[in-house]
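Inspection log for the structure reproduced underneath, given as structure tokens.
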Amino acid sequence: DAGQGILWDGAEFVGDAVIFGTAAGKLISLNRFTGAEIDVLSKPKGEDAGFTTTPYYYEKNQRLYVSTAGTYGGILGIKMNTDGSFNEEDVISFLDTRTGKAIKSSVVIYNDRLYVIGGGGHGGSGAPFRVMDANTLEIIYEYEELNAKGSIVLTTAYATKENKQTVYLYAMAYQN
């Protein structure tokens, strides 16, 4: 569908499904072997939201997370069914009505913490760096001063029990 627009997004694999989003606000799940459509989830009602990031599947809680880039930045956490379809009855969401800035970076999750940053200026947003609870999407803390372009990279190479599972995050600095 040429009207959908697939921009910077990548795809995520969940079992036999491959899932990607469109700028027009649809998440599409296809069988990764045959290309047959499994399910399509349209943007939340009443939201001016498109998907321009790579979805992230968190196996621990079986949710697919995707950022939204609309009038307000947001994140959806959609429970996935075993057949690759979306459980529309079990969706958690965050909508940033406070700063009013879109989120154009993909999320990463480790140890039930979701990490996301705005995406930076042109082609992105000035939304702050956030650490959120992956199970509720409640903000744990955020830094307004941190501007970055692109998505966060997380390494667990140094995470140990002794250092309380400390992870390192990397982001490309961006100045407007």
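In segment 132-160, the qualifying residues are those that are among the charged types (D, E, K, R) and modelled with pLDDT of 95 or more, and the one that is least open to solvent (accessible area, probe 1.4 Å) is D133. If the condition is being at pLDDT below 95, assigned to a loop (DSSP other than H, G, I, E, B) and farther than 18 Å from E89 by Cα, then segment 36-54 contributes D48, F51, T52, T53, T54. Somewhere in segment 81-93, is a residue open to solvent by less than 60 Å² (accessible area, probe 1.4 Å), modelled with pLDDT of 90 or more, more than 20 Å from G15 (Cβ to Cβ) and assigned to a strand (DSSP E or B)? Checked against the condition, which is being open to solvent by less than 60 Å² (accessible area, probe 1.4 Å), modelled with pLDDT of 90 or more, more than 20 Å from G15 (Cβ to Cβ) and assigned to a strand (DSSP E or B), segment 81-93 yields at least one hit.
Among the residues of this structure, I28 counts as one that is modelled with pLDDT under 95, surrounded by 19 or more Cβ atoms within 10 Å (Cβ to Cβ) and in contact with a Phe, Trp or Tyr (Cβ under 9 Å, 6 or more places away or on another chain). Residues in segment 60-73 include at least one that is surrounded by 19 or more Cβ atoms within 10 Å (Cβ to Cβ), among the aromatic types (F, W, Y) and at pLDDT 90 or above.
The values are calculated or read from the model by the stated rules, or taken from the named source; none is laboratory data. None of these values were measured; they are calculated from a predicted model. When we count neighbours, we look across all protein chains shown, and the Cβ atoms used for this are built from the backbone with ideal geometry, even at glycine. For accessibility, only protein heavy atoms count, side chains too; no ligands or nucleic acids. Shrake-Rupley method; radii C 1.70, N 1.55, O 1.52, S 1.80 Å.
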